[in-house]
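See below for the structure under consideration.
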There are 2 protein chains.
Amino acid sequence: MTDALKIGIAGLGTVGAALFGAITTRHNLLTDICGREIRIIAVSARDRSRDRGINLDGIAWFDDPVTMARDADIDVYVELIGGDGDPAHAAVATALERGRHVVTANKALLAKHGVALAGLAEDNGVLLNFEAAVAGGIPVIKAMRESLTGNSIQRIYGILNGTCNYILTRMQRDNMGFAECLAEAQRLGYAEADPAFDIEGNDTAHKLAILTSLAFGTQIAGDEVYIEGITNISIDDIHAADELGYRIKLLGVALRTATGIEQRVHPTMVPKGSMIAQVEGVTNAVTIEADILGELMLSGPGAGGDATASAVLGDIADIAKSRPGHQHAPALGRPVAKLEPYQRAQIQSHEGGYFISLKVDDRAGVFASIATRMAENNISLESIVQRARPGGAEAGPQTVILVTHATTESRVRAAVDGIKAEGYLTGEPQVIRIERTNGS
Amino acid sequence: MTDALKIGIAGLGTVGAALFGAITTRHNLLTDICGREIRIIAVSARDRSRDRGINLDGIAWFDDPVTMARDADIDVYVELIGGDGDPAHAAVATALERGRHVVTANKALLAKHGVALAGLAEDNGVLLNFEAAVAGGIPVIKAMRESLTGNSIQRIYGILNGTCNYILTRMQRDNMGFAECLAEAQRLGYAEADPAFDIEGNDTAHKLAILTSLAFGTQIAGDEVYIEGITNISIDDIHAADELGYRIKLLGVALRTATGIEQRVHPTMVPKGSMIAQVEGVTNAVTIEADILGELMLSGPGAGGDATASAVLGDIADIAKSRPGHQHAPALGRPVAKLEPYQRAQIQSHEGGYFISLKVDDRAGVFASIATRMAENNISLESIVQRARPGGAEAGPQTVILVTHATTESRVRAAVDGIKAEGYLTGEPQVIRIERTNGS
């Protein structure tokens, strides 16, 4: 039997501890499956004295993860530190330069440095695996990188952030406001104390940028994602969506268009009857539209120590099964030299349906004016809903909701700007893009 | 660059022609991704003169697929012949014995001979890949064999036959009878002229047996599947299910229990709000419950030339990327010697909820008798629905529907037999198992 595969784990938080436990308790099973032993021989974390419920006897301890990457006698460096800067970046680069395979769950690092790191892996003949970096335990990286080989992708979209989906699900299901749901998510450990990175859409954008590269064979462009978070989604929007047959989800969408590739993260209306609308709570889901295969959807746990550890373990097992130096497995699906530049499609040219909610001061001519602005911009309407005034009052401010047929972002913005300029809006207009989905 | 990977394709039906087209039209892309050329050098089919819309110039033709397996100078033998007997069996065995990798879409062959063929692949140091054999284009084999490494599986279930799901979807959505939907499926090419193999559940059973082996590390037991098809599902059952909040799907379910592993294929009630209930038409879906990862669901096209070709191409690409003799990749996830015997759990000990529909001749004591039989067998009821008689008549035959709490198959059968013995049923009782699903 081949020699044991020697592992070093940098970062012993929830994921690291779960991974450590899984590898040690399933030692014999893993040996059977992989044809060789998987053995953890080194770890690195900040606080050596902390009780993590795992037995570190006989395992080399490194205070500095970069030193471990350089000096430990390991075959695989597992990076669970996080963040796009050092020490994670230096540690991964050092490990690759030293000819060690790397498994990482670090989406921020890959969104920023993924192409350079993939190049380092190629130059050194080692593997860079990162299944856990996108959609947690869902094997979407493997699907894109391996199963869909040869397919041309038209669109990939998904629910990539469990925090946001939990909040939107609770708002819809339990008729709760945004702030209340966020507090609940924090109480349950689904949201960070500082939730901005999740709820502003940045986490989704990092994951989307990685998927875009795999889908379209382009360089990773993590800075060129159009981003809107969910902080201005109100319970009224959720209700209005429901009445019109939609759910609101924070989607990351990458789409090939005639002018380039759209990368968008924003609250999105999806038909209630679509599969992605049924994805609730912290669950993630990704849909891939491929020209040979058709439409593939994967859903499952997008975060959490165990689910992430499972993805990391799958990546380690792939390395254990392969024989170093005898496999062609470029990290981004094709050699770095073959990646094309990312050509951005501007959000202004986005085409699709729109949900527009306008709070208006009811007076003569309001409807005519709205209709005129839409017509001037060549926007045709699928429906107009005037919500009843509270308490059945016959006058006062009210909400008008428009659902457009397919049009462009620039037309919608021009129309809404025109309506705003008329001066009878009593609040900021809400504009939510509608995404065409499976079965709709 | 490594030498070209030389391919021989046996079987040039819809899938073979689609595969041929994909490999030839995407030649350069595949070379970039795989790091070597993928080149078709031999084909075998029954009728050389048939126009398949593909150019076979310069490609060796074999009338006999076994001869091609023996004599062609190929690295990979792609078996798209079908059937569990010869020539498919002899061809695959010969190719493996000759040290050629095999890619096959043949579920019947694997359900019957999978363990022996996996052993042949091991003995000869070659790969046996079969992503297309289960759920068409959905990468469930890869997920089980690679992504979920180290996970213990509790249950795997899915919609594995597009024909049945198409029929059940049309019945529900368009209020059509079984025979009418079957005829429509045949007209559209979703069902064979002889549909028995699909609608009786045998096709699902083959696929389930393969998944069971991968999920539980057991030998394939294609003959030990409890099977009920969909032929006795009536539009009344569909309506009753709908009223009670369920959809009826033909599921294949493999479940680890205290007494062994259940393998069941039968019409199943799943809650309307569950994701699997949204899987419509010819789409397939598989849900895997894994102890580290959690619950993973994959859905997509389960059949069709292109989707199947996509899965075959992914398998070929995996071989192209690996370097022969330098990869440990047992076909069934672990070496054949490590597979455990399949221990069957009897259907009589199945535990779950049941939907029971009884056509009764309305007379005094009927309800009391039904309730007594249920109570005698320790079955507690979640709901009882008495459907209104047609036209509001006050007497005559009527339907009583019971939904039980979790109980066992043997109790339900004893109760229903007891009710039948009373003599007031006017038709065969309908018993449909309820499957616990995600979100229910």
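The values are calculated or read from the model by the stated rules, or taken from the named source; none is laboratory data. Computed from a predicted model, the values in this text were never measured in an experiment. With ideal geometry, Cβ positions are generated from the backbone for all residues, glycine too; neighbour counts draw on all protein chains shown.
A:LEU12: touching a residue at least 40 places away in the same chain (Cβ under 8 Å), crowded, with 17+ Cβ neighbours inside 10 Å, assigned to a loop (DSSP other than H, G, I, E, B) and at negative phi, yes or no? Break it down into steps so the answer makes sense when it comes.
On the way: touching a residue at least 40 places away in the same chain (Cβ under 8 Å): yes; crowded, with 17+ Cβ neighbours inside 10 Å: yes; assigned to a loop (DSSP other than H, G, I, E, B): yes; at negative phi: yes.
Against the criterion (touching a residue at least 40 places away in the same chain (Cβ under 8 Å), crowded, with 17+ Cβ neighbours inside 10 Å, assigned to a loop (DSSP other than H, G, I, E, B) and at negative phi), A:LEU12 qualifies.
Which members of region B:398-431 meet the condition of being more than 19 Å from B:VAL366 (Cβ to Cβ) and within 27 Å of the chain's Cα centre (by Cα)? Let's see the steps before the verdict.
To start, the set of residues in region B:398-431 that are more than 19 Å from B:VAL366 (Cβ to Cβ) comprises B:405-411, B:413.
Scanning region B:398-431 gives B:ALA406, B:THR407, B:THR408, B:GLU409, B:SER410, B:ARG413.
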From the list B:THR31, B:THR25, pick out the single residue that is within 14 Å of chain A (Cβ to nearest Cβ) and surrounded by fewer than 16 Cβ atoms within 10 Å (Cβ to Cβ).
B:THR25
Please tell me if B:VAL43 is at pLDDT 95 or above and assigned to a strand (DSSP E or B).
yes
I'd like the residue in region B:335-346 that is within 14 Å of chain A (Cβ to nearest Cβ) and under 11 Å from B:PHE216 (Cβ atoms) and, out of all such residues, is surrounded by the fewest Cβ atoms within 10 Å (Cβ to Cβ).
B:GLU340
Can you tell me which residues in region A:200-233 are assigned to a helix (DSSP H, G or I), touching a helix residue (DSSP H, G or I) at 6+ places or on another chain (Cβ under 6 Å) and closer than 11 Å to A:THR163 by Cβ?
A:ASP203
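What about A:VAL253, is it without any contact (Cβ under 8 Å) to a residue 60 or more places away in the chain and either of a type outside the set (Ser, Thr, Tyr) or out of contact with any Lys or Arg (no Cβ under 7 Å at 6 or more places or on another chain) (or both)?
Values: without any contact (Cβ under 8 Å) to a residue 60 or more places away in the chain: no; either of a type outside the set (Ser, Thr, Tyr) or out of contact with any Lys or Arg (no Cβ under 7 Å at 6 or more places or on another chain) (or both): yes.
No; evaluated as a whole, the condition is false for this residue.
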Residue, nearest to the chain's Cα centre (by Cα), within region A:237-249, restricted to residues that are surrounded by 15 or more Cβ atoms within 10 Å (Cβ to Cβ) and not in a loop (DSSP other than H, G, I, E, B)
A:LYS249
Just to be sure before I move on: is A:ALA329 at the interface with chain B (Cβ under 8 Å from one of its Cβ atoms) and in contact (Cβ under 8 Å) with a residue 12 or more places away in the chain in the structure I sent?
yes
In the list B:GLY162, B:GLY189, which residue meets the criterion of being within 21 Å of A:ILE292 (Cβ to Cβ) and without any contact (Cβ under 8 Å) to a residue 24 or more places away in the chain?
B:GLY189
Any idea which of (1) surrounded by 24 or more Cβ atoms within 10 Å (Cβ to Cβ); (2) modelled with pLDDT of 95 or more; (3) closer than 16 Å to A:GLY201 by Cα is the one A:GLY229 doesn't satisfy?
(1)
Of the conditions (1) over 30 Å from A:ILE401 (Cβ atoms); (2) in contact with a helix residue (DSSP H, G or I) (Cβ under 9 Å, 6 or more places away or on another chain), A:ARG187 clears all except one; give me its number.
(2)
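State all residues of region A:365-393 that are on the phi > 0 side of the Ramachandran plot and modelled with pLDDT under 80; if no residue qualifies, say none. Let's see the steps before the verdict.
Start the filter on region A:365-393 by keeping residues that are on the phi > 0 side of the Ramachandran plot, which leaves A:365, A:378, A:391-392.
Selection gives A:GLY365, A:GLY391, A:GLY392.
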What single numbered condition from (1) away from every other protein chain (no Cβ under 14 Å); (2) acidic (Asp, Glu); (3) touching a Gly at 6+ places or on another chain (Cβ under 8 Å) fails to hold for B:ASP123?
(3)
Those residues of region A:394-440 which are in a loop (DSSP other than H, G, I, E, B), exposed (fewer than 15 other Cβ atoms within 10 Å of the Cβ) and modelled with pLDDT of 95 or more amount to A:HIS405, A:ALA406
Criterion violated by B:PHE197 - all others in (1) under 15 Å from B:ALA108 (Cα atoms); (2) surrounded by fewer than 23 Cβ atoms within 10 Å (Cβ to Cβ); (3) out of contact with any Asp or Glu (no Cβ under 6 Å at 6 or more places or on another chain) satisfied
(3)
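Of all residues in region B:361-375, how many are of a type in the set (A, V, I, L, M) and surrounded by fewer than 13 Cβ atoms within 10 Å (Cβ to Cβ)? Working first, answer last.
We begin by selecting, within region B:361-375, every residue of a type in the set (A, V, I, L, M); these are B:364, B:366, B:368, B:370-371, B:374-375.
Add one more test, that the residue is surrounded by fewer than 13 Cβ atoms within 10 Å (Cβ to Cβ), and what stays is B:364, B:368, B:375.
Final tally of qualifying residues: 3.
Just to be sure before I move on: is A:ASP203 among the acidic types (Asp, Glu), more than 30 Å from A:ALA258 (Cβ to Cβ) and either surrounded by fewer than 24 Cβ atoms within 10 Å (Cβ to Cβ) or modelled with pLDDT of 95 or more (or both) in the structure I sent?
Details: among the acidic types (Asp, Glu): yes; more than 30 Å from A:ALA258 (Cβ to Cβ): no; either surrounded by fewer than 24 Cβ atoms within 10 Å (Cβ to Cβ) or modelled with pLDDT of 95 or more (or both): yes.
It is false that A:ASP203 is among the acidic types (Asp, Glu), more than 30 Å from A:ALA258 (Cβ to Cβ) and either surrounded by fewer than 24 Cβ atoms within 10 Å (Cβ to Cβ) or modelled with pLDDT of 95 or more (or both).
Any residue at all in region B:300-316 that's among the hydroxyl-bearing types (Ser, Thr, Tyr) and either surrounded by fewer than 22 Cβ atoms within 10 Å (Cβ to Cβ) or at the interface with chain A (Cβ under 7 Å from one of its Cβ atoms) (or both)? Walk me through how you get there before you give the answer.
First, pick out the residues of region B:300-316 that are among the hydroxyl-bearing types (Ser, Thr, Tyr): B:308, B:310.
Within this subset, residues satisfying the condition of being either surrounded by fewer than 22 Cβ atoms within 10 Å (Cβ to Cβ) or at the interface with chain A (Cβ under 7 Å from one of its Cβ atoms) (or both) are B:310.
Yes, region B:300-316 has at least one match.
Taking B:ALA320, is it out of contact with any Asp or Glu (no Cβ under 9 Å at 6 or more places or on another chain), outside any strand (DSSP E or B) and under 21 Å from B:ALA105 (Cβ atoms)?
Working: out of contact with any Asp or Glu (no Cβ under 9 Å at 6 or more places or on another chain): no; outside any strand (DSSP E or B): yes; under 21 Å from B:ALA105 (Cβ atoms): yes.
Considered against the rule, which asks whether it is out of contact with any Asp or Glu (no Cβ under 9 Å at 6 or more places or on another chain), outside any strand (DSSP E or B) and under 21 Å from B:ALA105 (Cβ atoms), B:ALA320 comes out as no.
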Pairing a residue in region A:408-435 that is farther than 25 Å from A:LYS249 by Cβ with any residue that is among the basic types (Lys, Arg) and surrounded by fewer than 18 Cβ atoms within 10 Å (Cβ to Cβ), where Cβ atoms lie under 7 Å and the two sit 6 or more apart in sequence or on different chains, gives A:TYR424/A:ARG363; A:LEU425/A:LYS359; A:THR426/A:LYS359
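Just for region B:128-176: of the residues that are assigned to a loop (DSSP other than H, G, I, E, B) and surrounded by fewer than 24 Cβ atoms within 10 Å (Cβ to Cβ), which one is farthest from the other protein chains (Cβ to nearest Cβ)? Even if it seems obvious, please write down each step before you answer.
Within region B:128-176, the first condition is being assigned to a loop (DSSP other than H, G, I, E, B), and the residues that meet it are B:130, B:134-139, B:148-152, B:160-161, B:175-176.
In the following step, the residues that additionally are surrounded by fewer than 24 Cβ atoms within 10 Å (Cβ to Cβ) were identified as B:152, B:175-176.
On the way: B:SER152: 8, B:ASN175: 17, B:MET176: 19 Å.
My answer is B:MET176.
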Go through the residues of region B:147-155 one by one and say whether even a single one is at pLDDT 95 or above and closer than 22 Å to A:GLY273 by Cα.
no
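If I ask for residues that are farther than 15 Å from B:VAL126 by Cβ and touching a strand residue (DSSP E or B) at 6+ places or on another chain (Cβ under 9 Å), which ones from region B:74-83 would you list?
Our first condition is that a residue be farther than 15 Å from B:VAL126 by Cβ; within region B:74-83, this holds for B:80-83.
Result: B:LEU80, B:ILE81.
If a residue has to be within 18 Å of A:ILE141 (Cα to Cα), of a type in the set (A, V, I, L, M, F, W, C) and surrounded by fewer than 24 Cβ atoms within 10 Å (Cβ to Cβ) to count, how many in region A:74-115 make the cut? Give the steps one after another, and end with the answer.
We begin by selecting, within region A:74-115, every residue within 18 Å of A:ILE141 (Cα to Cα); these are A:78-80, A:101-115.
Okay, now just the ones that are also of a type in the set (A, V, I, L, M, F, W, C), so A:78, A:80, A:102-103, A:105, A:108-111, A:115.
Filter again for surrounded by fewer than 24 Cβ atoms within 10 Å (Cβ to Cβ), leaving A:108, A:115.
The qualifying residues number 2.
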Got at least one residue in region B:349-364 being free of Cβ contacts under 8 Å to residues at least 24 places away in the same chain, at positive phi and away from chain A (no Cβ under 14 Å)?
no
Extreme residue, nearest to A:PHE20 (Cα to Cα), among residues of region A:46-70 that are in contact with a helix residue (DSSP H, G or I) (Cβ under 7 Å, 6 or more places away or on another chain) and surrounded by 12 or more Cβ atoms within 10 Å (Cβ to Cβ)
A:ILE54
Does region B:263-296 hold any residues that are surrounded by fewer than 24 Cβ atoms within 10 Å (Cβ to Cβ), facing another protein chain (nearest Cβ under 7 Å) and either free of Cβ contacts under 8 Å to residues at least 60 places away in the same chain or part of a strand (DSSP E or B) (or both), and which are they?
B:GLN278, B:GLY294, B:GLU295
